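> This is the structure I want to talk about, given as structure tokens.
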Amino acid sequence: MENIESYLIEQAEICKIKITPQLAKSFQLYLKELLEWNQKINLTAVTDPKEAVMKHFIDSLYVTKFVNFSGKNLIDVGSGAGFPGIPLKLFEPSLSVTLLDSLQKRLHVLEDICQKLQIETKQIHGRAEESGQNLELRGKFDFVSARAVAQLPLLCEYCLPFLKQGGLFCAMKGPKPEQEIQSAQHALKELGAEVEAVKKYSLPDGEGRSLILIRQKQLMPKKYPRPGGKIKKQPL
């Protein structure tokens with residue numbers, strides 16, 4: 001596999017994100033492990049190293065331009081191949097990261113990768129709607145992150161229950177989030193949250209992205225999240 005360390009440093013520099021050579025080495029190792037595991041279990045469709053740097057690493061790290069994660073805790077919902085949770089942990093070691101995924105096999109991979117990277121993360125096997133009713137997780141996090149796993153009205157019900165009152169949901173979306181934000185207004189009201197900011201940006205390759213920052217203003221009503229089938233059939 002080609003060495004992506006200098007490429008990552010250069011591309012991050014374009015975004016005004018500082019990657020040290022030591023940190024770049026960690027990302028090189030992450031990518032190597034990810035691509036090796038990807039031959040055994042489907043983790044990512046992106047297998048070109050430079051494309052992975054752009055679509056996975058730079059995309060994940062861009063969030064740090066808008067949010068200060070220092071000394072806080074975050075749950076990454078539907079973590080998949082570990083994005084953005086693992087890059088955020090590598091970039092901000094003081095951030096406590098929990099990776100939540102519904103597939104145990106994926107979590108086994110993430111645990112193995114984190115051990116090799118010598119970073120500590122917690123892996124939790126579960127569906128978001130069930131885990132959001134678990135009192136050990138509900139209302140316990142400063143931040144929750146999710147990358148384009150569902151439409152925003154559904155995503156809010158899946159993700160917001162994990163937040164402390166005053167916590168922030170970082171929803172990573174494509175370049176045109178306006179319609180999704182509009183369709184999520186009722187859900188946000190029901191769940192006691194509101195959109196605080198929408199940050200639009202482009203990756204160095206020109207691909208547009210947006211980060212929707214949603215603040216949990218009030219205590220979450222106990223009935224949410226509802227069972228998964230109901231969330232999908234009757235979105236808020």
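Any read-out appearing in this document is the output of simple, stated calculations on the displayed coordinates, not a laboratory observation. Note that this is a predicted model, so its numbers are computed, not measured. Here Cβ is always computed from backbone atoms with ideal geometry, including for glycine, and neighbour counts include all displayed protein chains.
> Using only Cα atoms, what is the ratio of the radius of gyration of the stretch 1-123 to 2.2 N^0.38 Å?
Cα-based Rg divided by the globular estimate yields 0.97.
> On to the next question. Express in nm, to one decimal, how much length is gained between Ser94 and Glu207 on full extension, taking 0.36 nm for each residue of separation and deducting their alpha carbon distance.
Values: separation 113, 0.36 × 113 = 40.68 nm, distance 2.98 nm.
Answer, rounded to one decimal: 37.7 nm.
> Residues with beta-carbon under 14 Å from that of Lys25, excluding Lys25: net charge, scoring Lys, Arg +1 and Asp, Glu -1?
Values: positive: Lys32, Lys116; negative: Glu5, Glu33.
Result for the local shell: 0.
> Here's a follow-up. Can you give the Rg to Rh ratio for the chain, taking only C-alpha atoms and Rh from Kirkwood?
Radius of gyration over Kirkwood radius for the chain works out to 0.95.
> At a Förster radius of 25 Å, what calculated FRET efficiency corresponds to the Cβ-Cβ distance of Lys230 and Glu178, to the nearest 0.05?
The formula returns an efficiency of 0.40 here.
> If we count other beta carbons within 10 Å of each Cβ, what is the order of Ile9, Ile214, fewest first? Don't jump to the answer; show the numbers that get you there.
Working: Ile9 17, Ile214 27.
Fewest-to-most ranking of Ile9, Ile214: Ile9, Ile214.
> Putting +1 on Lys and Arg Cβ atoms and -1 on Asp and Glu Cβ atoms, find which of Leu107, Ser183, Leu160 reaches farthest to the positive end of the dipole of the stretch 71-233.
Looking along the dipole axis, the top candidate is Ser183.
> Right, another one. What FRET efficiency would be calculated for the residue pair Ile119, Lys222, taking the C-beta separation as r and a Förster radius of 30 Å, to the nearest 0.05? Mind dumping the intermediate values first?
Numbers: r = 35 Å, r/R0 = 1.15.
Once the sixth-power term is evaluated, E becomes 0.30.
> Just for the Cα atoms in the stretch 122-217, what are the lengths along the principal axes, largest first, rounded to whole Å?
That gives 41, 30, 20 Å along the principal axes, largest extent first.
> Further question on the same structure: What percent of all Cα-Cα pairs in the stretch 1-58 falls into each 5 Å bin, going from 0 up to the bin containing the maximum distance?
Spelled out bin by bin, the stretch 1-58 gives 4, 21, 32, 23, 12, 6, 2, 0 percent.
> GluC sites (Glu not before Pro), restricted to the stretch 94-147: which are DSSP loop and have at most 13 other Cβ atoms within 10 Å?
Values: sites: Glu111, Glu120, Glu129, Glu130, Glu136; in loops: Glu120, Glu136.
Answer in residue order: Glu120, Glu136.
> Calculate how many DSSP beta bridges within the chain are antiparallel, expressed in % of all such bridges and rounded to the nearest 5.
Taking every DSSP beta bridge with both residues in the chain, the antiparallel ones total about 45 percent.
> Determine the alpha carbon to alpha carbon distance for each of Lys16/Lys116; Lys105/Lys173; Lys16/Lys176; Lys164/Lys230; Lys50/Lys140 and list only those over 30 Å.
The pairs that break the limit, which is 30 Å between Cα atoms, are Lys50/Lys140.
> Additional query: Which of Leu191, Leu61, Leu203 moves most in a GNM of the chain, Cα contacts under 10 Å?
With Cα springs under 10 Å in the chain, the top fluctuation among Leu191, Leu61, Leu203 is at Leu203.
> Magnitude of the Cβ-charge dipole of the stretch 115-196, K/R +1 and D/E -1, about the Cα centre, nearest 20 debye?
So the magnitude is around 280 debye.
> So between Glu136 and Ser6, what do we pick up on full extension, going 0.36 nm a residue minus the alpha carbon distance?
Details: separation 130, 0.36 × 130 = 46.80 nm, distance 4.12 nm.
So the chain would gain 42.7 nm between Glu136 and Ser6.
> Using the beta-carbon distance between Leu103 and Lys16 and R0 = 41 Å, what value does 1/(1 + (r/R0)^6) give for FRET efficiency, to the nearest 0.05?
Details: r = 35 Å, r/R0 = 0.86.
The computed FRET efficiency comes out at 0.70.
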